[in-house]
Amino acid sequence: MVIDGEATEDQIKYLNEHIDECAPCYNHYKIDKSVKEVIKHKLGNKTVPPALLDNIKSKLGQQVK
Ligand SMILES: [Zn+2]
């Protein structure tokens, strides 16, 4: 997976350029990163910041529309 840092430099370059031009991919990428932040907090037995959860919810809401 590109997002997990296992992509080649060419793949990352292509992805970054594509995300700049493609709103659905951009939103998807940002949601994926936010979800991983939440998982990180949970694994560390930390409270997930409410702002982060709101952020994800609003992004998911945008996708549903
Ligand atoms: Zn795309």
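If the cut-off is 16 Å between C-alpha atoms, which aspartates and glutamates fall inside it for Lys46, apart from same-chain ones fewer than 8 positions away?
Result set, ordered by chain and number: Glu37.
First select every other residue whose beta carbon is under 15 angstrom from the beta carbon of Lys46; then total the charges, Lys and Arg +1, Asp and Glu -1.
Once positives and negatives cancel, what remains is +2.
Ignoring everything except DSSP H segments at least 4 long, calculate the 222 nm mean residue ellipticity for the chain; use -39,500 (n - 2.57) per segment, divide by total residues, nearest 500. It would help to have the intermediate numbers written out before the result.
Values: 3 runs with 49 residues, N = 65.
For the chain, the value works out to -25000 deg cm²/dmol.
Given Cβ point charges of +1 (Lys, Arg) and -1 (Asp, Glu) and nothing else, what value in debye, to the nearest 20, does the dipole of the chain about its Cα centre take? Write down the numbers at each step before the final one.
Details: 10 positive and 10 negative charges, 117 e Å.
Rounded to the nearest 20 debye, it is 560 debye.
Here, each number is a calculation from the coordinates, and none is a lab measurement. Remember, it's a predicted structure, so these values are computed and weren't measured experimentally. Virtual Cβ from ideal backbone geometry, glycine too; neighbours counted across all protein chains shown.
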